[in-house]
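Below is one structure, written out as structure tokens; the observations come after it.
Any read-out appearing in this document is the output of simple, stated calculations on the displayed coordinates, not a laboratory observation. Bear in mind the structure is a predicted one, so any value in this text is a computation, not a measurement. Virtual Cβ from ideal backbone geometry, glycine too; neighbours counted across all protein chains shown.
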Amino acid sequence: MNILVVDDDRFNLKIAEDLIKNNITDCSVFLCSIPDKTLTELAAHDIDIILLDIIMPGITGIELLKIIRSQNEYKDIQIIMFTGIKDRESFKACFENGANDYINKPINFIEFIARVKASIKARKSILSLIKLNKTITGQYKKLRTMTQELKNTQFSLLQKEKLAALGEIAAGIAHEINNPIGFIASNLTTMNSYMRKIKEIRYQYKEFFQTVSNETTLSNRLIEAKNNIISREKEQKIDFIMDDLDAIIAESLEGTARISKIVGSMQEFAKTGTEDKMTHNNFNQIIDECLLIIKHDIKSAAEIDRQLQKNLYLSCNKGEIGQVILNILLNSIYAIKTTSVGKGKITIKAYDSAEYIFCIISDTGSGIKEEDLSRIFDPFFTTKDVGHGVGLGLSVAYDIVVKKHNGSLSATSKLSEGTTFTIKLPKEHKY
């Protein structure tokens, strides 16, 4: 512990030094008889405690106290005013400007040692707090780094779960997109053939108009040209072509709309998860987009019974709620496929109350064992065969519904009879 005594009276300096050295161990004492050199001594010796005389020539102890406390590096050191004055206003000024204690002159040895020891104890406590604060700050930084790493890991796992879900339905999506692409390509080939025939007839019309425009043309030649056009139109089936073009174009536009809708639904589902925006959404539309994405998988596994109340709207993250519905539907499809009863049934009910929207998804799949039912929302728990998921789908769904949307998600099941999931979401999101 380093103690600096500042006093213009060398006798007082010597008494203070002897008292400290003879009565307090583990202390180094530094003396300063010139007040203007106080800051130099502070910087040179890493001082913990200052004994500062109030009345000194050139600069008073109170003025020096103000200067010391104005510098941030000295805000925690202990300062004891060393004085023979009894003026209450001076004491008040000392404490208002940052003094910690005072010692009266002439020196009372017992009082002097007691007050210095008290200041040493206070300084040690402050140093311990500073050290503890540094330790806590360091641990906080490490904890913050670890938290960020955990968030990154969680984000990576969620994205892998999405990719796993996309992998499961990729073949079905490809089939759904290939179907309209196939008939669009066929329509374009047909339209190309039609256009060649239309161009040929158009050429014949031009020849006819040139014949008509010739004043010397005989009526027989006009009749012959007209008959040639009529004959050619019949051969090329121009009337049928003109009628069929409307249907071909309409069918092609419908096909591109289907592709666009599938791709749009996929984009919504495949969002990175960094979008936290809550928007007003049509809940039935979210369900329909999920059904569209897995349309091919559903066809081969189950019939869908949609029992959706009209005009169901809520404030939510559309992509996240879509992921919840999709994860549950994929689980239902898998449960039905693992049974030996053939094609099953998935029922989707949706309705609202004054404050909530409810969605109940039931399947006629294999069901869940009673001992497993309480664990299905735990991360990495799965009853699926190896290669059919990592056990994050329902955990992610639970996190989205309960933690991010302040709703609830529960399940009931009977082995070999099926499973029912109940989703409850507030219409208005409360932050």
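Residues whose amide H comes within less than 5 Å of that of Ser28, counting only those at least five positions distant or on another chain, are Asn2, Ile3 (H built at 1.01 Å from N in the peptide plane). Shape analysis of region 12-67 based on the Cα gyration tensor places the equivalent ellipsoid semi-axes at 21, 14, 9 Å, largest first. Pairs exceeding 28 Å between alpha-carbon atoms, taken from Lys299/Lys403; Lys349/Lys414; Lys237/Lys295: Lys299/Lys403; Lys237/Lys295. Amide H to amide H distances under 5 Å link Phe82 with Leu52, Asp53, Ile54, Ile103, where only residues 5 or more positions off or on other chains count and H is placed in the peptide plane.
Could you pull out every one of the lysines with an alpha carbon less than 17 Å from that of Lys117, ignoring same-chain neighbours closer than 8 positions? Lys117 reaches Lys21. 3J(HN,Hα) along region 82-87, derived from phi through the Karplus expression 6.51 cos²θ - 1.76 cosθ + 1.60 where θ = phi - 60°, amounts to 10, 8, x, 7, 10, 5 Hz, with x in place of Gly and Pro.
Close amide H partners of His429, meaning residues 5 or more places away or on another chain with modelled amide H under 5 Å apart, are Ser315.
Just flag the trypsin sites (Lys or Arg not before Pro) in region 1-82 sitting in loop per DSSP whose Cβ has no more than 15 other Cβ atoms within 10 Å.
Values: sites: Arg10, Lys14, Lys21, Lys37, Lys66, Arg69, Lys75; in loops: Lys75.
Sites meeting the loop and neighbour criteria: Lys75.
Volume per residue of the convex hull around the Cα atoms, evaluated for region 279-426, comes out as 105 Å³.
Bridgeable lysines around Lys131 (alpha carbons under 19 Å apart, same-chain partners fewer than 8 residues away excluded): Lys75, Lys121, Lys141, Lys142. Within the same chain, aspartates and glutamates fewer than 8 places from Lys318 are excluded, and of the rest, those with a Cα less than 13 Å from its Cα are Glu268, Glu275, Asp276, Asp288, Glu289. Relative contact order of region 279-426: 24 percent, from C-alpha pairs under 8 Å at least 6 residues apart in sequence.
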